[in-house]
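The values are calculated or read from the model by the stated rules, or taken from the named source; none is laboratory data. These numbers were taken from a predicted model, which means no experiment stands behind them. Ideal geometry is used to build each Cβ from the backbone, glycine not excepted, and the neighbour counts take in all protein chains shown.
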Amino acid sequence: MNNKTCKSIALLAILMAFFTSAYSQNTKKLSLNEAIDLGIKNSKNLKISNAKIDEAKATVQEAKDAQLPDFKLSGSYLRLSSANIDLKSGDNSGSGGKSPSPNQAMYGMATLSLPIYAGGRIKYGIESAKFLQQASMLDAENDKDEIAFNTTKAYVNLYKAAEAVAIVKDNLNTSMSRDSSFANLEKNGVMARNDLLKSQLQTSNIELALLDAENNLKIATVNMNLLLGLPENDGIELDSSFIDQQPDLKSFPDYESQAMQRRKDVQAISFRKKAAATALKSARAETYPTIALTGGYIAADIPKVLTVTNAVNFGVGIQYNLANIWKKNTRLMQAQARQTQVNASEEILNDEIRLEVNQDFQNYLLSKKKIDVYQKAIEQATENFRITNNKYNNSLATITDLLEANTSLLQSKLNIQLARADAVLAYRKLLQTTGQTNN
């Protein structure tokens, strides 16, 4: 019986070791830059952006194909019902013959057309499509910058959640140890029951805070996994070295200038302006005629009536819509309206960028100042707790004073860690706003 018990315990230990090993295998260690690369690689939004690039490429190819000749084949087989054929050519007098009445007809045609002049419509169409393709590619780059920042934000939030859990756990252990000491004092009649209950109440509050912190950590982990394309239940081990980065801050005019030069959306709207201007030229070309080289082949067979073979033709064709004389060029009006929209959009974007750079620059300065303030606060809270604890040990302070000092110290520890993380995020946001995410 004892042998069976030992075997069961050994089996249970092996199973526990297996599950522990399996769990550890599902924990991935990621640095911030690795997380950004993974987020870009597995982004679903970026797949949409790439599909738009493919669509723009197809539009360019369609515009180029307009330069190539069109070659069409057509043919028909017709059944005729009591067709009356009256041939006017030839000498039928005195023949007494009867006109043929065919019951079927067949014909085939091949036509070839090569445009040689279209008023510039083909040329401008290709140019416009290429400009829009460049714009769509820049849009994808801008989406990458947005994805990089969103990944950074999720990474920083996960770090903040993990730090909150670690700090609250440490404080909970300290509080539980204090409760144990106070319980012994209360048993020996040295401490009042009410003071012990106050300490235990704070421990319960810390336990509740830990539950909230652990729940926030779980949600932040799931959000990070989904963003990176990882299984949602996997664990993530963060590399906290990013929090110690101390970037050199440039002047505000430098950031504003770089934003106007390096932002992908600014470059994209520049190409859209060029596309709109080219579309305007294409619309004006609608009033010009089109000239093309044409050629064809015709074959037909109507039994007992007509047979046509080797009917080859070629020449030059010209087409002009005389309705252009009295009809308004609505395509030109539409192109002018689109050009006005793009120009206005560019002005709006420039104003938004200036505002964003101002906000993000000031937010980063504020985050740095908060770190300095919180650093002083944690020094003050630490000293306050030390003095209050000494006073309490010498019966010069109440248990309420001690617990309040401990709460202030805990909050100060949380504040400094969160402020450091927020400063990193604020700087990354400034880089994104100024088009320097790759830096």
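Of the numbered criteria (1) modelled with pLDDT under 90; (2) over 30 Å from GLU62 (Cα atoms); (3) in contact with a Leu (Cβ under 9 Å, 6 or more places away or on another chain), the one GLY90 fails is (3).
Residue-level analysis places ILE348 among those that are over 30 Å from ALA192 (Cα atoms) and either among the charged types (D, E, K, R) or in a helix (DSSP H, G or I) (or both). Of a type in the set (Lys, Arg), in contact (Cβ under 8 Å) with a residue 40 or more places away in the chain and closer than 15 Å to THR400 by Cα - does that describe any residue in segment 178-201? Scanning segment 178-201, I find at least one residue that is of a type in the set (Lys, Arg), in contact (Cβ under 8 Å) with a residue 40 or more places away in the chain and closer than 15 Å to THR400 by Cα, so the answer is yes. Of all residues in segment 246-261, those being free of Cβ contacts under 8 Å to residues at least 12 places away in the same chain and hydroxyl-bearing (Ser, Thr, Tyr) number 2.
Quick one: in segment 346-402, of everything that is over 30 Å from ALA426 (Cα atoms), surrounded by 15 or more Cβ atoms within 10 Å (Cβ to Cβ) and among the hydrophobic types (A, V, I, L, M, F, W, C), which residue is nearest to the chain's Cα centre (by Cα)? The extreme case among them is PHE385.
Looking at SER128, SER199, SER136, SER181 in this structure, which one is part of a helix (DSSP H, G or I), surrounded by 21 or more Cβ atoms within 10 Å (Cβ to Cβ) and modelled with pLDDT under 90? Lay out the reasoning, then the answer.
On the way: SER128 fails: modelled with pLDDT under 90; SER136 fails: modelled with pLDDT under 90; SER181 fails: surrounded by 21 or more Cβ atoms within 10 Å (Cβ to Cβ).
Just a single option satisfies the conditions, and that option is SER199.
Suppose the filter is in a helix (DSSP H, G or I) and either free of Cβ contacts under 8 Å to residues at least 60 places away in the same chain or in contact with a Lys or Arg (Cβ under 8 Å, 6 or more places away or on another chain) (or both); does THR152 pass it?
Numbers: in a helix (DSSP H, G or I): yes; either free of Cβ contacts under 8 Å to residues at least 60 places away in the same chain or in contact with a Lys or Arg (Cβ under 8 Å, 6 or more places away or on another chain) (or both): yes.
Yes, satisfied.
Of the residues making up segment 36-71, those that are within 26 Å of GLY229 (Cβ to Cβ) and in contact with a Ser or Thr (Cβ under 7 Å, 6 or more places away or on another chain) are ILE36, GLY39, LYS52, ILE53, ALA56. Checked against (1) surrounded by fewer than 12 Cβ atoms within 10 Å (Cβ to Cβ); (2) under 30 Å from LYS29 (Cβ atoms); (3) in contact (Cβ under 8 Å) with a residue 40 or more places away in the chain; (4) of a type outside the set (Ser, Thr, Tyr), LYS304 passes all but a single condition, namely (2).
Can you find a residue in segment 203-211 that is modelled with pLDDT of 90 or more and outside any helix (DSSP H, G or I)?
First, the residues of segment 203-211 that are modelled with pLDDT of 90 or more: 203-211.
Those left that are additionally outside any helix (DSSP H, G or I): none.
Scanning segment 203-211 turns up no residue that is modelled with pLDDT of 90 or more and outside any helix (DSSP H, G or I).
Kindly indicate whether any position in segment 392-401 is more than 30 Å from TYR124 (Cβ to Cβ), in a helix (DSSP H, G or I), touching a helix residue (DSSP H, G or I) at 6+ places or on another chain (Cβ under 7 Å) and not hydroxyl-bearing (Ser, Thr, Tyr). There is at least one residue in segment 392-401 that is more than 30 Å from TYR124 (Cβ to Cβ), in a helix (DSSP H, G or I), touching a helix residue (DSSP H, G or I) at 6+ places or on another chain (Cβ under 7 Å) and not hydroxyl-bearing (Ser, Thr, Tyr). Consider segment 40-82 and keep the residues that are among the hydroxyl-bearing types (Ser, Thr, Tyr) and over 14 Å from LYS130 (Cβ atoms). The one that is surrounded by the most Cβ atoms within 10 Å (Cβ to Cβ) is SER43. Scanning segment 297-325 for residues that are under 17 Å from ILE116 (Cα atoms) and assigned to a strand (DSSP E or B) turns up PHE314, GLY315, VAL316, GLY317, ILE318, GLN319. Considering segment 376-434, and only residues there that are acidic (Asp, Glu) and either without any contact (Cβ under 8 Å) to a residue 40 or more places away in the chain or touching an Asp or Glu at 6+ places or on another chain (Cβ under 9 Å) (or both), the residue that is farthest from VAL190 (Cα to Cα) turns out to be GLU379.
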